[in-house]
Amino acid sequence: MSTIGLLTFFNAFSQYNYSLWSAGAGVGVTRSYTDVQQGKYALAYHINADYYLSPFLTVGMETQFGTIAGGNTITDPHLRAFKNSYKSFGFNGKVQLGQFVDYEYQPILNVIKGLYAGVGIGVIQNNMKEIVRIKPDGSNYIFPGKDNSTNISFPFNLGISFGLKDYYDQTRFILSANYQTNITLGEGLDGYNDPSAKFKNKAPDYYTYTTIGVKYCFGPEGLFYRTLHR
């Protein structure tokens, strides 16, 4: 009976090396969700670097630059429109599904082990390249706000990564698709700060950033252990 039990079930350990660092870049589209009712899509880019506490647990930094836009001088209820040429910098942490599941003998889990979630904190520098400051209806109302400002931001990430191995069977490149929501503190994202008594202003301004990216893994190696159940 003991021999049969050993043949049908056993615990074993696997181990493999992984690079402790990665650096990469990507491109994507932003969409604004601000006091300006109509959000728009615009192009943005990012570069990032990560340190791997394990193959599935990272801490890192990211810089973004591009455009956040919204509004329309014809269809917007207040005839507002803006184009923010922004830059941001932040720190984040991410954890992948592979940190928690035994995927060695599970084909589906092996494919999706790179699913991840993460949170962070950073700052965003807003620079209005285009903005309607005087309401174009003949009233000469001046929309209050700043053309240049800096706000605290909180990025929340959801995505999936796929590792590409080299000749030595180690992950060398990582492809990823990511959806990021950036919640900001302050009224700088769209450049408008109108009185809430006149203009709806009940939620923080935020924007989303949907991307594809590639990372290169390098540096010293770590050793990852996993208990296998079969």
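The values are calculated or read from the model by the stated rules, or taken from the named source; none is laboratory data. All figures in this text were calculated on a predicted structure; none of them were measured in a lab. Ideal geometry is used to build each Cβ from the backbone, glycine not excepted, and the neighbour counts take in all protein chains shown.
Observations on the model:
- The number of residues in region 73-107 that are of a type in the set (D, E, K, R), modelled with pLDDT of 95 or more and not in a strand (DSSP E or B) comes to 1.
- Pairs with Cβ under 8 Å, 6+ apart, first in region 129-146 and surrounded by fewer than 15 Cβ atoms within 10 Å (Cβ to Cβ), second assigned to a strand (DSSP E or B) and charged (D, E, K, R): Lys129/Lys83; Glu130/Lys83
- In region 77-116, of all residues being β-branched (Val, Ile, Thr) and in contact with a strand residue (DSSP E or B) (Cβ under 8 Å, 6 or more places away or on another chain), the one that is surrounded by the fewest Cβ atoms within 10 Å (Cβ to Cβ) corresponds to Ile112.
- Scope region 68-89; condition of a type in the set (S, T, N, Q), under 20 Å from Asn151 (Cα atoms) and touching a residue at least 60 places away in the same chain (Cβ under 8 Å); matching residues: Asn84, Ser88
- Consider region 13-61 and keep the residues that are small (Gly, Ala, Ser) and out of contact with any Asp or Glu (no Cβ under 9 Å at 6 or more places or on another chain). The one that is surrounded by the fewest Cβ atoms within 10 Å (Cβ to Cβ) is Ala25.
- In region 32-61, the residues that are more than 14 Å from the chain's Cα centre (by Cα), more than 17 Å from Phe162 (Cα to Cα) and among the hydrophobic types (A, V, I, L, M, F, W, C): Val36, Ala42, Leu43, Leu53
- Residue list for region 29-52, filter: closer than 30 Å to Leu109 by Cα and free of Cβ contacts under 8 Å to residues at least 40 places away in the same chain: Ile47, Ala49, Tyr51
- Taking the criterion of being farther than 16 Å from Pro204 by Cα and surrounded by fewer than 16 Cβ atoms within 10 Å (Cβ to Cβ), the residues of region 147-162 that qualify are Asp147, Asn148, Leu158, Phe162.
- Selection within region 62-71 - over 15 Å from the mean Cα position of the chain (by Cα) and exposed (fewer than 15 other Cβ atoms within 10 Å of the Cβ): none
- Among the residues of region 204-223, just one is in contact with a Lys or Arg (Cβ under 6 Å, 6 or more places away or on another chain) and more than 24 Å from Lys83 (Cβ to Cβ), namely Cys217.
- Breaking point among (1) farther than 30 Å from Phe199 by Cα; (2) within 18 Å of the chain's Cα centre (by Cα), for Asn151: (1)
- Entry remark, region 211-230: residues being under 22 Å from Tyr33 (Cβ atoms) and surrounded by fewer than 16 Cβ atoms within 10 Å (Cβ to Cβ) number 1 in total.
- Taken over region 30-76, residues that are touching a strand residue (DSSP E or B) at 6+ places or on another chain (Cβ under 6 Å), among the hydrophobic types (A, V, I, L, M, F, W, C) and under 25 Å from Lys198 (Cβ atoms) amount to 3.
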